Every structure is written in C-alpha cells, then in structure tokens.
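Working notes for the structure below.
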Amino acid sequence: MSKKKLRRSGAKIMASLILLLGSLAYIMILAVINGSIGFICAMGVTVFGAVGVAKALGEAISLSYGLIIGIAVGCGVLRGILRYFEQYSNHFIAFKLLAVLRDKIFGALRTLCPAKLESKQKGSIIAMITSDIETLEVFYAHTISPICIAVLVSTAVFLFVGFVSSWYLALAAVVAYLVIGIVVPMISSSRLKESGVKYRAEFASFNAYFLDSIKGIKDIVLNNAGEERENEVNRRSELLLKETKKMKHNGSRAAATELTVSLFIIATLIVGILLVHFDMLSIGKMIIGVVAVFGSFGPVIAISALPSNLTQTFASGDRVLNLLAEKPAVTEVKNGENIEYENLNVSDLSFSYNEQTEVLRDIKMHAEKGEIIGIVGESGCGKSTFLKLLLRFWQKKGGEIAYNGIDIDKVNSDNLLDNVTMVSQTTYLFDETIEDNLRIANPNTSQEELEAACRLASVHDFIMTLPNGYKTQVGALGDNLSAGEKQRIGLARAFLKGSELILLDEPTSNVDSINEGIILKALKEQKSKKSIILVSHRESTMAIADRIYRVDEGKMQEVKV
C-alpha cells in the first residue's frame, strides 16, 4: 500500500477548523476563560496552603489564617463551578459545529453531484459524514480549549512565581512547560502521524468495500464467491486493527510524559533549595514558588496527551476540508435566463474528461418539439455522456448546446432541470413506498395522474399485484424489485415530472419485448406534447424515432430512417 500523506500541515488544518467556528468563537473564548480561571482556582487550594505554611515559618504575610483557609475553600468550590461551565461551553460548540459541518458537507456534495460523485466511493462518503465528523468533535471539545488554557495558565504561573517567589524558579517552570507541552508531543506526533493517516484511509476503504459486499450479496452467493469475499473482509479488518493498535500504544508516551514531569519537579525543587542555600530566597517564598510550579503541570500534561487524538483529527479534518475545497465540474447558473423548451440545437460540441482524450468532438444535432430523436452506437462511444452534457452535468469543452437559441451555460440551472429530465439505465429507489418514490418527481400530483403515468410506463398492473399496491415499501436499496420494474418506475417519474424534453438512456434494456412495445407505444403518444431523445442499442427501439443519429469514435452523424 502506498503511503498516504496529509495535503495540509497540522497547523493549517487546525487553523482552517478554527475558522469554521464563526459566530461560535465567543463561546469558545468563554470556555477558555472559564477553564483557565478554574485551573488557577484549583491551584489556589494548594498555593494558599503553602501561603499558610510560609506564614507559620515567619514569612511576613498580612492575611490571617482564617482568611487563608477561607480563600482555599472558596477556590475549590469555584473550581467545580467553572469546570462545569467550561465543559458545557466546549460540548455546546462541538455539537453545534457537528451540525454545521454536516450541513456544509451535504451542501458540498450537492454542488459536486452528479459528475464529481461518480468517481467517489459511497462507503468513503458515509465514513466522512459519520466517523470523520465525530472525530472532529474531539478537536473542538477537547483540543482547542486545553491548548489555550495551557498557554494562559503557564503564563500566569510564570508571572506569579517570578513576582512572588523567584524569577529563577519561574524560568525553570518555563523550560518544563516547553519540554512537556511542545517537545514531548512533537516527538509522539511524528511517530503517530503516518498511522493516523493510514487508519482514516483504511477505515474509509473498509467501509466502501463492506457496503459493496452488502449491496452485492446476491451476486456473491450466486457466484459462490462468499469465501473469497470473507477472506478479503478479514484481511482488511486485520489491516485496520494493525493501524489501530499502533495508535493505541499510548503507554510509552504516557510513561515518557510522567518521567519528564517527575524530573522537572526534582529539578525545580533543587533550584529552590539552592536559592535558599545561597540566601537568594527565603524558605517561605521558596515553598510558595515550588508548590505553585508543582501544581501547574496539569494543562501541559493534557497537551502532551493530544497527539494520539490529533493524528486521527488531522486525517479526518484533511479529508473534510478537501471535500469542502473541491471544485464542482460545473458552476450552478443562478442569474441567467429562463426558458420554456421549444427546440434544441447542438453544434460543434466537444468534450473530454481529462482534458486530453476527447470523448466527443464536432457533434451536431437538433431536435424540435414533437420529435423523437434516436441515438445509437457501440457501448462506451459517448452516448450517455452526450445526454449528461444536455443536462449540464459536465462542462462542455467547446461548441454550443442551445435551448431556444440560448446557450446552456446561460440558462438557469433549476430552470434547465424543470424543462429537461433524464431516465438513466439504473433507477435508484429510496427505502420508502412506491408512491413516495414516484412523488419525488412531482410532490403535488394527484393519485389519478400518478396511476396514469404508471400505465404509460407499463408498471401500473404490476404495482396493483403487490400486497399494498402503491403503499408497498420498496425495501432497502430497492432489492424487492427487479431491474426492469425499477426502470419502469423511473420512466413513470419522467412522465410525472412533465418536462418538455425527456432524455431516455436505454429505457427498455431491462424489460421484455411485450413491455417494450407498451412503453414505446406510450412514448410515441407523448411525442406530440414533448421532445424525446432516445438512446438505445436495440433496433426495435429505434423504430419509433423520427430521426436517428449514430455515434462512432466520438462523432455523431444523422442516418436515414
């Protein structure tokens, strides 16, 4: 397996994710303030205990013992309250942003579809919407605040120890913070980074493969390929487990952090003792300074524990940011012109997927309202691509596709889809009732219109044989219906939508000759009201066409009927 690397650095990913906070930034600031003051209050319990000891040793402290005890108790109570508000703020932001991120991802998917989504694994997209987004929750709830709190608390302790005790002790504390909070995490992160990226990639790949296995379970059984598929699932599971174990081996990291903290505690104590020995500091102030430093390692220890989470967070964040940054194949037209379809004229049209090999070139064709246009050609010659260009799913490379004399790039996208609809070779059915699946094309259609459309598509009689008729549940992934039945429901959708131009991509490829005849008869009856462009490899299907174009090696020529 080739190594997969982050396209962005960890710092850029963190900065981009923080920018997504938007109007929620003020709540994050409140969480950081609560967390910082709360930790200082937690330190206050032991520090004021040290103040009491220093007073008992003769240090000139104006506070009474009762006030010192009262402040220490008050700090403990306030710590609990502030901790609650800190955690509440962090999780409020996290779950709000999860909703915002999912909305942004669905928005991005909408602009990328259908062209850019054809090349993406559906399992990978599902993993992104679910697992990757959940991983980012850890970043917002348990990463941003700890880092900010560590910086603020460390700065406060440095100043406190410097002014109250000794700047030498303060300097020792700064060195400890830098090593524990930066050096140790960087070493851990460098070791875990590759595993984190590999884990997210393997997780997405496994999801895609497993989803494909579920969708294709019938074909797996029919071809007796269950054992091979099972072995591959097991292999991928072991690979995923291997990467997981690499990331879960936090024992050595935690031990290294604890050892480093212990060494700096000893070093700080030695510095304090030396300062007292050389009469540079009183024993009371030394105790206060050393206790303050001892109690301040919590936030930087929390930072040192972040790399194990950040490796996955960076990988997930990179994948999400890549999707949000990906440019659609076409840009939606919103301020263009609206049309009411009358005719279509294509001239000098060319197109290539990779800007190198042309799929279509110098295409010329026209269609008038009331015509059925047939398009024939070998599989893979570009017939389906041509239909997608008529819907502007892809951006044409050159030439013109004009509706009523207006180039397709100037027609509003929503208006174009109102005028033109397509029935593809494979119709997707949602896990709802047949009626609900039909009403996607026209939510306000009456039951009579719905049934009329199904009769035209030669599927009404079949629906009426089902236990609940139009109220019958399709079943997950539409597996309760055959390919031909799905295709006819897709055709009924096209009739229900009422578009003036219908594009049909092999509309009778999955039906028998009897149903094909019924469907073709219905199409011929509809042509007086609409234009129909019919792609098929069947000669019998072309019999109803008024004009026929043949596609060969990327070129289209009209042939005599």
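For a test of the definition: using alpha carbon positions, the gyration tensor, and the 1.5 limit on a/c, classify the stretch 433-509 as rounded, prolate or oblate.
Cα axes put the stretch 433-509 in the oblate bin.
Longer than 30 Å from Cα to Cα, which of LYS364/LYS486; LYS327/LYS486; LYS215/LYS388 are they? Say none if no pair is.
Beyond 30 Å between Cα atoms: LYS364/LYS486; LYS327/LYS486.
Within 10 Å, count the other beta carbons around each residue, average over each peptide in 454-462, 20-28, and list them highest first.
The packing order, highest mean first, is 454-462, 20-28.
What shape does the stretch 229-351 take by its C-alpha gyration tensor, where a ≥ b ≥ c are the square roots of the eigenvalues and a/c under 1.5 counts as rounded, a/b above b/c as prolate, and the rest as oblate? Mind showing how you got there, number by number?
Working: a/c = 6.60, a/b = 2.38, b/c = 2.77.
Verdict is oblate for the stretch 229-351.
Calculated from the structure, percent of Cα pairs over 39 Å apart equals which of (i) 40; (ii) 22; (iii) 50?
Of the labelled values, this structure produces (iii).
Return the subset of LYS12/LYS96; LYS104/LYS369; LYS524/LYS560 for which the Cα-Cα distance in this structure is over 28 Å, preserving the input order. It would help to have the intermediate numbers written out before the result.
Details: LYS12/LYS96 22 Å; LYS104/LYS369 40 Å; LYS524/LYS560 19 Å.
Correct reply: LYS104/LYS369.
Roughly to the nearest percent, how much of the accessible area of the chain is carbon and sulfur, given a 1.4 Å probe? Don't skip to the end; give the middle numbers.
Details: 16250 of 27600 Å².
Taking all protein chains in place, the chain shows 59 percent carbon and sulfur surface.
Report the relative contact order of the chain, percent, no decimals, based on alpha-carbon pairs under 8 angstrom and at least 6 residues apart.
16
Going by the alpha-carbon gyration tensor, a ≥ b ≥ c the square roots of its eigenvalues, is the stretch 457-561 rounded (a/c under 1.5) or, if a/c is not under 1.5, prolate (a/b greater than b/c) versus oblate?
Note, shape of the stretch 457-561 comes out prolate.
Solvent-accessible area per residue for the stretch 493-561 at a 1.4 Å probe radius, Å²?
Solvent-accessible surface per residue comes out at 46 Å².
Which value, in debye to the nearest 20, describes the size of the charge dipole of the chain about its Cα centre when Lys and Arg Cβ atoms bear +1, Asp and Glu Cβ atoms bear -1, and nothing else is charged?
1840
Ordered by residue, what ³J(HN,Hα) values in Hz, to whole numbers, does the stretch 426-437 give under the Karplus form 6.51 cos²θ - 1.76 cosθ + 1.60, where θ = phi - 60° and Gly and Pro are x?
Listing the rounded values in order: 10, 9, 8, 10, 7, 7, 9, 6, 4, 4, 4, 5 Hz.
Just to confirm, what accessible area per residue do you get for the stretch 99-184 at 1.4 Å probe, in whole Å²? If you can, show how the numbers build up before the last one.
Working: 3740 Å² over 86 residues.
I get 44 Å² per residue for this part.
With a probe of 1.4 Å, find how much accessible area the stretch 4-96 has per residue, and write the answer as a whole number in Å². Write down the numbers at each step before the final one.
Numbers: 5170 Å² over 93 residues.
Spelled out: the 1.4 Å probe surface of the stretch 4-96, per residue, equals 56 Å².
Between VAL179 and ASP103, take the C-beta separation as r, use R0 = 35 Å, and let me know the FRET efficiency to the nearest 0.05.
0.25
Where both partners of a DSSP beta bridge lie in the chain, what percent of those bridges are antiparallel, to the nearest 5?
Counting DSSP beta bridges with both partners in the chain, the antiparallel share is about 50 percent.
Just checking the chain: which Cys have no other cysteine's beta-carbon under 4.7 Å?
CYS113, CYS148, CYS381, CYS454
Under unit Cβ charges (Lys, Arg +1; Asp, Glu -1), what dipole magnitude, rounded to 20 debye, does the stretch 505-561 have relative to its Cα centre?
340
Where in the chain are the helices, taken as whole DSSP H runs, whose Cα atoms extend 24 angstrom or more along the long axis and whose Kyte-Doolittle mean reaches at least 1.6?
The answer, listed by residue number, is 25-56, 144-164, 251-277.
The values are calculated or read from the model by the stated rules, or taken from the named source; none is laboratory data. Owing to the predicted nature of the structure, the values given are computational and were not obtained by experimental measurement. Cβ coordinates were reconstructed from backbone atoms using ideal geometry, including for glycine residues, and neighbour counts include every protein chain displayed. In case anyone asks, the SASA skips ligands and DNA or RNA and just uses the protein heavy atoms, side chains included. Shrake-Rupley method; radii C 1.70, N 1.55, O 1.52, S 1.80 Å.
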